[in-house]
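What follows is one structure encoded as structure tokens, with my remarks underneath.
Read-outs: derived from the displayed coordinates by stated rules, not from any lab. Note that the structure is predicted; figures quoted are calculated from it, not measured. Note that each Cβ is placed from the backbone with ideal geometry, even for glycine, and that neighbours are counted across all protein chains shown.
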Ligand SMILES: Nc1ncnc2c1ncn2[C@@H]1O[C@H](COP(=O)(O)OP(=O)(O)OP(=O)(O)O)[C@@H](O)[C@H]1O
Ligand SMILES: Nc1ncnc2c1ncn2[C@@H]1O[C@H](COP(=O)(O)OP(=O)(O)OP(=O)(O)O)[C@@H](O)[C@H]1O
Ligand SMILES: CC(C)C[C@H](N)C(=O)O
Ligand SMILES: [Mg+2]
Ligand SMILES: [Mg+2]
């Protein structure tokens, strides 16, 4: 391999939230990095992965990114898991000129959130060194409305958008989800941004009841969603569909809802059911999920695929760069990536992305899924809509909440 | 109608905040101890209840009843072994120690239980409600509120009608002189913290059934609890209950106007009350 | 000549308890006035009203011809009212000398350098010079009482308020104290002194005021006051 | 008459030695970028800014008796004004530091008006709540990203005064030059803070501050203007804390309400530093920040254990040496590097 | 055998030694006065006996039992009650609650009850529901004495009970002494007022600079002797 020929070790920095409230995203870190190191060794890649914990704290994320760059003199930065992690790290890396691959944050909060004035598109600039792949709000809009179209509703949607990076991006009246929903014929009731860890959702429930909303959507953190779901039941608000992001990402979070978790729906960015294979290990999605469960005793979760794909992409980039310790060559290699990974195709070719972000953002496929409760209280995520990515098979149909 | 509902929901929410606050109020009132770990202790108790529920298959209420004496013992030991040694006129050492404790607890829980969010299952009670004309009130929130009132009554009785309560107040004023009356300040304080931990367990029961919690959930509500205590006036238990309700109602009313203002409205209510009455609604004569 | 201090109908109550009840009296410049009265009569409260540590519910306080009823303590101190507290309140963590420096610099609005010798002199007069560099928190009761007085003196007051400074002193100490106060008085300082140690008080003051239940029940020459029936009954507890 | 018989001394042998050492250290510190690695410069930046925050908090709590747990309000507002200035009005970030200080000062006025009505623990909680209100309000400020936060625009970053010159003389990349600039600014701020506080404590106002700390009633009745002293201390601390906040985030390049108004980072850790080092002394925060930094560096890679050890050390120091580490040192040896105690000596 | 005695009692505040080998004793039913100038160590002696200042074992004996190293609250329970210097009432307790604190731990049937304390100091009954500290100094002193009596102590330690009190109140308070003695309690009074001390005491100890310099029955001591012991003028 060329990297070996150069005789220099490539240092990869990786920042993720291993502790703190976002730790669920990082649970596959060790598992993935072990596999990566093993395969890198097999392939004769001289790489070293230096892992830093953001402690789920954006300040800390920026600090450790600096440490990686300055003390560890890394050549390539990898970062994943929510804008709270990706944005500070990307900002630091961009200003230090370190090639960076980022994932697992919708691209709007990542791209727009890093701009000086997010409200003023004229001032938005592309980045020279940082690249991001995931999906965007337009995909979520399509997936959600497709799922809802399978049901008989009055097309009135109540929105729960907090005042955080995700909530502001989703809830923006101009570039958020509402205009897209409107195009698909859905009216959005948005009572306004609330703070995370709110203890009472009566105001939202009243607003939804008044507007006779039959669907609830949003991007909600798990504790808030539980509060909302309970209060909605207690206050006699029973929508036909609840389709939210974030809150029901992990099976553990859904399990805490008990029966109230059944048939909740959300976007699915990766699953054991996806038809992709790893460029690194050759595993299919089901195999990877099983390997994870075997190794850790825990059920598969969506981030596993993306963390894996992040290292896939890194390996690919390093192999393609003439001198992977040369930052500019590495950057060029990222920009010219075209790789089929376990989460789908990663290529920064601007496909489906507006011009201002085309250079830095790549999109991966998104479908819709529903949580189905098993007899024993465990839940399965079932793909119910694939209009947006027909090559990912569905496993069932969208069902209304009883 | 919406406003009536909003205010009722706010009052019920206030019950939850009052439960968070009552234990704090007890400890704050007796020892001037600003316990920054209070929120984390509530979360700790919630995990304890959860463990009892999952391990022994108990109902949440029975589990809380078993957890309460365990928490009492823990509180007693904590006060005896650690906190007593930093009490004094200076509020800083306890502030720092309880902050350290808060950090310790959070991270220990994280090591032990991971960052996953959990919930204490309460079965059908979770979603049960009582219709009240066009309004319907959740059974759990109603129970929360009722518990807050019961806890206040019980503490009030303990504080002002028993000789232990008198010893609490005397020791709070002057531990050295109290010891000349045959009081052991160290153990009086330890008992107070123990009792506060029983209240903490009750708060944990309702926190844990209302929403998910994870090891870092504690501090977020700590500030509301402090607000309730201070609005109420140092050492006034009814005041603490009233304080909780004020914060709760301010939040729901604020949210009804615009959800952006929900939490802000609670804080602003606190500031306004203190502007008008710097020592809270029901201050005690001397402190 | 205007009196240095004049109280007119000053009233103060704590809740239902009235501790100053329409108190009126004047103190001419340079006089030494003693205040006696049973415990709880409102003597210390009266001092707090004069210094501004408490504010009256009604009435008017004039100092040096000006209305100071609403002035903050700091301002009254600057204009020449110095006081000692019944329960000594030293600045515990500062040295004795620094205690005095605070009052000399802030009480008189002077820079530090200008008051050093003055402070030293007060320390000598109050026999605190030996402990000048010791933290005030570690002083004995007597030393604390002396510090109370020294700190008040360091502001070079025109009106000095002393609250029970002889209590707890031995006879010899008491004699020394009386000498010191006499000397201060001789310099023209007006003195109001609350004291239960009557022989000490009476050897200094020219006029005596008796307070009972917040009311002035007598004011006049010490001999006359001490001989009055009311005082003997109420205060000394001597059956007549 | 005692005239001229006594002199007042504050200096000690240790303090004179310390002054010389400090001067030498300062010279080395200024020249540091010439030979130190970039990571050392960054570490120094962290130490200096935390030290500044700690000194101001110490001034508030240790000397002024104002135990504020709302200092993150000033850090955050200072930082946001620097960003706001750069984003909305094109203010050069270096000049924006002044905005940081001024706006923090402006915030301090209503905050003090409210908080000064409260005592002790009430004051502490009151300041915390005000800081929360400021955080929640800033989180509604859409032009700087609302709850999402934002980054310093590249134009503003590139335009920072002095960076080009540093790039030239040290022959480094722009990002390293920005670090050097930030480091020098932090050094200047820390030196000005320590020097300023020390000189202030040696004036008669410093004396008044100490008196107020011991007994408010008594201080008031010997002519100390307690309200004015509190205002003075609070406003000065707000101004300095605001500038430090602006500087920290200028170097950081990214801001969000949660990071800028973090009670843990900007108040809890600062309290930790001051109390561990020794409150009410200038030396304490210096010792404290070094201990804090050492702990952070040694333990940063141990995840949750880092915070647990930190918590444990905090508890241990409070239990075994309530005067902090410096208290332990000066208690044993009597050394004071920044003496303020005035001793009255008989002239012989 | 003495009811209460100290042997070679020493006490320290940090490095500062306040007592140097003090020997005092108190017999059943006796009243003993401790006099001495300010700072002589009288309060320190009281605090050492009552356990506020921890002692090495072996220095204090009460009813033949060693109590030097016993905690203050246990000493109180054994029957030694103190009227501390400076009254030390509990501000957040009412007058009545302050009194009740006196028998918080030691509940012994005896002559002293709320009722009899109110008879002794009738003004307190009027003020029973007020906060203890909203009383004047004299009234507070009455509460403090009453509070100590409430436990029906075997030994009553009174530290400067007449400090800052009007003569009429001092008279009242000392007038209560015979009643207190009549109940069988032994009393130690610390007093500045030598005359007063001589009047009530069976025996007097005179302290100076942490040492007992003179002791004996009042009748046996001459004014000069006392003066010397007090001020250290004796060669
Ligand atoms: N808390 C303390 N810390 C340090 N020294 C103390 C303390 N309390 C008392 N002392 C010292 O111990 C010595 C004896 O004091 P003590 O209070 O026992 O005297 P006393 O005889 O009761 O005097 P007084 O008549 O003033 O009450 C004094 O020199 C005093 O300075
Ligand atoms: N802050 C307060 N709140 C309520 N009542 C008070 C307060 N301060 C004093 N009092 C009451 O006011 C009355 C007068 O008290 P003050 O201290 O002036 O008496 P005094 O004449 O100085 O007595 P003494 O000779 O005992 O010192 C007392 O009955 C006391 O209980
Ligand atoms: C300093 C504090 C108020 C910190 C609080 N315990 C928290 O973790 O947020
Ligand atoms: Mg008085
Ligand atoms: Mg004494």
> Any idea what Rg and Dmax come out to for chain D if you just take the C-alpha atoms, in Å?
Replying inline: 20.9, 71
> So which residue, out of B:173, B:116, B:40, gets the largest mean-square fluctuation from a GNM of chain B using Cα contacts under 10 Å as springs?
Replying inline: B:116
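Can you give the alpha-carbon Rg of region C:88-156 over 2.2 N^0.38 Å, where N counts its residues?
Numbers: Rg = 10.5 Å, N = 69, 2.2 N^0.38 = 11.0 Å.
Compared with the compact-globule rule of thumb, region C:88-156 sits at 0.95.
Kindly state, to the nearest 0.05, the FRET efficiency for residue D:20 paired with residue D:113, given R0 = 41 Å and r defined as their beta-carbon distance. Numbers along the way, then the final one.
Values: r = 44 Å, r/R0 = 1.07.
In this case the efficiency is close to 0.40.
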> Per 10 Å bin, what percent of the C-alpha pairs of region A:211-265 does each bin hold, from zero upward?
Replying inline: 24, 63, 13, 0
> What order do you get for B:237-245, B:125-133, A:258-266 when each peptide is scored by the mean count of other beta carbon atoms within 10 Å, highest first?
Replying inline: B:237-245, A:258-266, B:125-133
>> Can you give me the distance in nm between label points at residue A:338 and residue C:175, each placed 7 Å from the Cα along the Cα-to-Cβ direction?
In response: 11.4
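Taking 2.2 N^0.38 Å as the expected size of a compact globular protein, what ratio does the Cα radius of gyration of chain B give against it, to two decimals? Before the final figure, lay out each step's value.
Details: Rg = 18.6 Å, N = 287, 2.2 N^0.38 = 18.9 Å.
After normalising by residue count via 2.2 N^0.38 Å, the value is 0.98.
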>> Helix-only estimate, please: 222 nm mean residue ellipticity of chain A, summing -39500 (n - 2.57) across DSSP H runs of length 4 or more and dividing by its residues, to the nearest 500.
In response: -11000 deg cm²/dmol
> For a paramagnetic label modelled at 7 Å from the Cα of residue E:27 toward its Cβ, which residues of region E:178-201 fall within the zone defined by backbone nitrogen distances under 16 Å?
Replying inline: E:184-188, E:201
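Report the rotationally averaged projected area of region D:137-249 based on its alpha-carbon convex hull, in square nanometres.
Numbers: hull surface 41.2 nm².
That works out to 10.3 nm².
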>> If the elastic network links every pair of Cα atoms under 10 Å, which of D:334, D:245, D:324 fluctuates the most in the Gaussian network model of chain D?
In response: D:334
> Quick one: of the DSSP bridges fully inside chain A, what percent are antiparallel, nearest 5?
Replying inline: 25
>> Report D for region A:1-148 in µm² per second (integer): Stokes-Einstein, Kirkwood Rh on Cα pairs, 25 °C, 0.890 mPa s.
In response: 150
>> What's the ranking of D:143-149, A:36-42 by average number of surrounding C-beta atoms within 10 Å, highest first?
In response: D:143-149, A:36-42
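Per residue Cα convex hull volume for region C:38-129, in cubic angstrom? Provide the component values of the computation, followed by the final result.
On the way: hull volume 12.4 nm³, N = 92.
Here the figure is 135 Å³ per residue.
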> Counting pairs of Cα atoms in region E:1-118, how many percent are more than 24 Å apart?
Replying inline: 33
>> Once you place label points 7 Å from the Cα toward the Cβ at residue E:113 and residue B:56, how far apart are they in nm?
In response: 4.6
>> Ratio of alpha-carbon Rg to the 2.2 N^0.38 Å globular estimate for region A:271-396, to two decimals, please.
In response: 1.21
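Between residue A:149 and residue B:1, how high is the FRET efficiency from 1/(1 + (r/R0)^6) when r is the Cβ-Cβ distance and R₀ = 35 Å? Nearest 0.05. Could the numbers behind the result be given before it?
Working: r = 34 Å, r/R0 = 0.97.
Efficiency at R0 = 35 Å is approximately 0.55.
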>> Counting each pair of different Cα atoms once, what's the Kirkwood radius of region A:356-399 in Å, rounded to one decimal?
In response: 12.3
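What fraction of the DSSP beta bridges in region E:4-230 is antiparallel, stated in percent and rounded to the nearest 5? Intermediate values should be presented prior to the final figure.
Values: 18 of 36 bridges.
If I count the DSSP bridges inside region E:4-230, around 50 percent turn out antiparallel.
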> Averaged over D:117-123, how many beta carbons belonging to a partner chain fall within 10 Å of each residue's beta carbon?
Replying inline: 6
> To the nearest Å, what is the center-to-center distance of region D:249-324 and region B:236-255, using C-alpha atoms only?
Replying inline: 34
> Can you give the translational diffusion coefficient of region D:242-287 in µm²/s, computed by Stokes-Einstein from the Kirkwood radius over Cα pairs at 4 °C and 1.567 mPa s?
Replying inline: 111
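To the nearest µm²/s, what D does Stokes-Einstein give for chain A at 20 °C and 1.002 mPa s, using the Kirkwood radius over alpha carbon pairs as Rh? Don't skip to the answer; put the middle values down first.
Working: Rh = 21.4 Å.
So the translational diffusion coefficient is about 100 µm²/s.
Sorted from largest to smallest, which semi-axis lengths in Å does the alpha carbon gyration tensor of chain C give for its equivalent ellipsoid, taking the root of 5 times each eigenvalue? Kindly include the intermediate steps, with their values, before the conclusion.
Details: eigenvalues 164, 90, 52 Å².
The answer is 29, 21, 16 Å, longest axis first.
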> When DSSP assigns beta bridges and you keep just the ones with both residues in chain C, what percent turn out antiparallel, to the nearest 5?
Replying inline: 55
> For region E:129-235, what percent of Cα pairs sit more than 25 Å apart?
Replying inline: 29
> If you bin every alpha carbon distance in the protein assembly as shown into 10 Å steps from zero, what whole percent lands in each bin?
Replying inline: 1, 7, 14, 18, 18, 14, 10, 8, 5, 3, 1, 0
>> Given region D:128-197, report the % of alpha carbon pairs whose separation exceeds 14 Å.
In response: 72
> Please state the Cα pair-distance histogram of region B:118-241 with 10 angstrom bins from zero: what percent is in each bin?
Replying inline: 11, 32, 32, 17, 6, 1, 0
>> Give me the three principal axis extents of region D:85-213 from the C-alpha atoms, as integers in angstrom, largest value leading.
In response: 52, 41, 21
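Beta carbons within 10 angstrom, averaged per residue: use that to sort the peptides B:182-189, B:59-66, highest first.
Values: B:182-189: 21.6, B:59-66: 18.0.
In decreasing order of mean packing, B:182-189, B:59-66 become B:182-189, B:59-66.
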> What is the Cα convex hull volume of region D:167-230 when expressed per residue in Å³?
Replying inline: 99
>> Once each part is reduced to its C-alpha centroid, what is the distance from region A:212-260 to region E:195-225 in angstrom?
In response: 84
> Say R0 is 22 Å: what FRET efficiency, to the nearest 0.05, do residue C:60 and residue D:217 get from their beta-carbon distance?
Replying inline: 0.40
> What does the average come to when, for each residue of peptide A:181-187, you count the partner chain Cβ atoms lying within 10 Å of its Cβ?
Replying inline: 0
> Using the C-alpha atoms of chain E, what convex hull volume per residue, in cubic angstrom, is computed?
Replying inline: 123
> For chain A, modelled as a Gaussian network with Cα springs under 10 Å, which listed residue fluctuates most, A:170, A:348, A:124?
Replying inline: A:124
> So how long is each side of region C:98-240 along the principal axes, counting just the alpha-carbon atoms, biggest first, in Å?
Replying inline: 57, 29, 26
> Can you give the Rg to Rh ratio for region A:99-152, taking only C-alpha atoms and Rh from Kirkwood?
Replying inline: 1.13
